[in-house]
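Visitor: Here you go, one structure.
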């Protein structure tokens with residue numbers, strides 16, 4: 001789904017085919033085709049303009065236009081085979097421009113794929129999301145409880161199964177590395193308070209996003225984010241957990257609308273719980 005953002009534009013009449021910009025693009029977005037520099041995919045262009053300074057003829061500029069959103073995971077998949085030097089050049093480029101969220105996504109990719117890259121100097125000054133609150137900064141961590149622990153330990157409080165932050169859907173970044181290929185739970189806000197063993201029953205081994213279909217504003221952005229989870233993060237499954245009250249059904253409607261707009265197909269499970277925490281309905285749609 002295209003959005004309006006900054007992205008480079010190349011004037012073919014000015015391009016002399018020197019290829020300097022291709023070497024200056026750390027994301028692999030540029031390639032020489034028929035003697036001219038061209039963007040091979042909008043997904044790879046971060047719009048930061050590192051290639052502009054490499055062009056001797058002034059053929060490259062940054063413009064605001066409708067384009068596919070930049071995708072850090074796609075970039076990492078493209079440049080990973082080129083080795084540590086290329087990856088570090090890319091990460092330092094992002095860090096120098098203050099794009100620490102993209103750096104975090106790349107670091108998550110490096111860890112998940114066990115790449116041999118020294119990232120120690122990049123693990124500082126993490127930036128929170130645009131709202132400016134430090135509590136919204138993306139984090140990925142291990143669950144507090146063991147995956148083999150019983151669902152409801154007798155005589156002890158069950159531990160948390162949460163493995164990422166933030167969780168509120170307005171604050172969630174659908175392209176965060178921890179969402180890639182994951183099973184995602186989209187839960188109505190009230191469900192965790194109604195279901196005593198919510199973490200062990202629904203959250204174990206899954207990533208989480210929460211929302212209220214009645215009280216939250218700008219629900220159109222929720223649809224767009226779920227589409228990104230399906231298409232960009234390529235999530236494995238989506239489980240929608242709702243209360244039995246009628247207004248909660250709007251959460252499933254948002255998920256189904258996103259599924260219709262997405263280019264990929266993903267299995268969706270519908271779960272309805274009662275106000276006393278009982279399971280009323282659970283089925284794949």
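Visitor: Volume per residue, Å³, of the convex hull around the alpha-carbon atoms of the chain?
Guide: Each residue corresponds to 150 Å³ of Cα convex hull volume.
Visitor: Please report 48, 257 as a ranked list, fewest other C-beta atoms within 10 angstrom at the top and most at the bottom.
Guide: Listed from fewest to most nearby Cβ atoms, that is 257, 48.
Visitor: Determine the calculated [θ] at 222 nm for the chain from helices alone, applying -39500 (n - 2.57) to every DSSP H run no shorter than 4 residues and normalising by the residue count; nearest 500 deg cm²/dmol.
Guide: The helix contribution divided over the chain gives -7000 deg cm²/dmol.
Visitor: With N residues in the stretch 178-285, what two-decimal value do you get for its Cα radius of gyration over 2.2 N^0.38 Å?
Guide: Taking the Cα Rg and dividing by 2.2 N^0.38 Å, one obtains 0.99.
Visitor: Additional query: Please compute the modelled spin-label separation between residue 193 and residue 236, points set 7 Å along Cα→Cβ, answer in nm with one decimal.
Guide: Inter-label distance under the simple model: 3.2 nm.
Visitor: Let me ask something else. Quick one: angle between helix 249-261 and the longest Cα principal axis of the chain, in degrees between 0 and 90, rounded to 10, please.
Guide: Around 30 degrees separate the two axes.
Visitor: At a 10 Å Cβ-Cβ cut-off, how would you order 280, 230, fewest neighbours first?
Guide: In order of increasing Cβ crowding within 10 Å: 280, 230.
Visitor: Here's another thing I want to ask about it. Express the C-alpha Rg of the stretch 72-122 as a ratio against the empirical globular expectation 2.2 N^0.38 Å, rounded to two decimals.
Guide: Working it through for the stretch 72-122, the quotient is 0.98.
Visitor: Return 57, 239 ranked ascending by Cβ neighbour count within 10 Å, so the fewest neighbours appear first.
Guide: 57, 239
Visitor: Still on this structure, I have one more. So for the stretch 3-67, considering every pair of alpha-carbon atoms, how many percent are separated by more than 17 Å?
Guide: Of all Cα-Cα pairs in the stretch 3-67, 30 percent lie more than 17 Å apart.
Visitor: Quick one: work out the % antiparallel among DSSP beta bridges in the stretch 163-285, nearest 5.
Guide: 25 percent
Visitor: Of all beta bridges DSSP finds with both residues in the chain, what is the antiparallel percent, to the nearest 5?
Guide: Taking every DSSP beta bridge within the chain, about 55 percent pair in antiparallel fashion.
Visitor: Nearest 10 degrees is fine. How inclined is helix 84-96 to the longest principal axis of the chain, computing both from alpha carbons?
Guide: 80 degrees
Visitor: Can you tell me the length gained on complete extension of the stretch residue 119 to residue 283, counting 0.36 nm per residue apart and subtracting the Cα distance?
Guide: Length gained between residue 119 and residue 283: 54.7 nm.
Visitor: Helix 100-112 versus the longest principal axis of the chain: what angle, 0 to 90°, nearest 10, using Cα atoms?
Guide: Approximately 70 degrees, to the nearest ten.
Laboratory data are not the source of any read-out in this text; all were calculated from the coordinates shown. Keep in mind that what you see is a predicted model, and the values were worked out from it rather than measured. Don't worry about glycine lacking a Cβ; one is built from the backbone with ideal geometry, like all the others, and counts go over all protein chains shown.
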